[in-house]
1. So if we plug the beta-carbon distance of Lys79 and Arg124 into 1/(1 + (r/R0)^6) with R0 = 25 Å, what FRET efficiency do we get, rounded to 0.05?
2. I want the local charge near Glu33. Using Cβ-Cβ distances under 13 Å, sum +1 for each Lys or Arg and -1 for each Asp or Glu among the other residues.
3. Please arrange Val43, Val108, Val92 by counting, for each residue, the other beta carbons lying within 10 Å of its beta carbon, fewest first.
4. How do the peptides 124-131, 59-66 rank, highest first, by the average count of neighbouring beta carbon atoms within 10 Å per residue?
5. With 25 Å as the limit, write out which pairs from Lys35/Lys134; Lys79/Lys131; Lys18/Lys79; Lys13/Lys55 have Cα-Cα distances beyond it, or answer none.
6. Taking the Cβ of each residue in Ser107, Ser4 as the centre, tally the other Cβ atoms inside 10 Å and list the residues starting with the fewest.
7. By counting other Cβ atoms within 10 Å of each Cβ, how are Thr15, Thr48, Thr22 ranked from fewest to most?
8. Once every DSSP H run of n ≥ 4 in the chain is given -39500 (n - 2.57) and the sum is divided by its residues, what mean residue ellipticity at 222 nm do you get, rounded to the nearest 500 deg cm²/dmol?
Amino acid sequence: MNLSKCKIINLPKITDRKGNLTFIEENRHIPFEIKRVYYLYDVPGGETRGGHAHKRLQQFIIAASGSFDVIFDDGFERKRFHLNRSYYGLYVAPMIWRELNNFSSGSVCLVLASDFYDEDDYIRDYETFKKMAKGNEKKF
Ligand code: TYD
């Protein structure tokens with residue numbers, strides 16, 4: 001099941017009394033090459049982001065600042081993750097419906113993605129997603 005591929009990865013953390021540093025190297029700390037980086041910020045309290053799945057895209061989500069929740073759904077089960085450390089990353093496999101909520105004030109959600117922005121890769125309707133997820137499963 002796709003949900004079991006999604007997990008929190010503990011990133012390297014160089015601690016220093018002058019401040020901490022975390023780094024990410026493609027194909028080492030995350031299992032793909034990074035083609036795009038984007039970030040969500042100034043998210044109003046109580047707001048939900050996401051609400052879609054990707055057919056092929058892999059992503060890696062980091063709470064660069066603050067905290068928020070990420071809810072994953074592979075069409076069969078749901079799982080909630082709480083990101084609240086800058087050295088945690090959450091790997092998102094393809095075909096995962098995701099929602100992000102519970103953003104703390106001033107939080108920054110940094111996302112590394114395996115490909116350029118492509119609206120054709122999005123599945124924005126939940127019922128369509130569920131049908132596709134169940135259809136994929138039958139192939140195996
Ligand atoms: P979307 O992925 O739906 O946002 P979220 O999942 O955070 O709620 O993207 C919101 C809008 O921004 C949508 O119109 C597409 C656009 N967008 C880009 O143009 N490039 C990008 O890299 C991303 C992620 C979104």
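1. It comes out at approximately 0.75.
2. Combined, the nearby Lys, Arg, Asp and Glu give 0.
3. Final ranking by Cβ density, sparse to dense: Val108, Val43, Val92.
4. So the order, starting with the most tightly packed, is 59-66, 124-131.
5. Distance filter (> 25 Å) returns Lys35/Lys134; Lys18/Lys79; Lys13/Lys55.
6. Ascending number of Cβ neighbours within 10 Å: Ser4, Ser107.
7. Numbers: Thr15 10, Thr48 13, Thr22 18.
Sorted ascending by nearby Cβ count, the order is Thr15, Thr48, Thr22.
8. Working: 1 runs with 13 residues, N = 140.
-3000 deg cm²/dmol, from helical runs alone.
Values in this text are rule-based calculations from the coordinates and carry no lab data. On a predicted model such as this, the values are computed, not experimentally measured, just so you know. Note: ideal-geometry Cβ built from the backbone for every residue, glycine included; neighbour counts use all protein chains shown.
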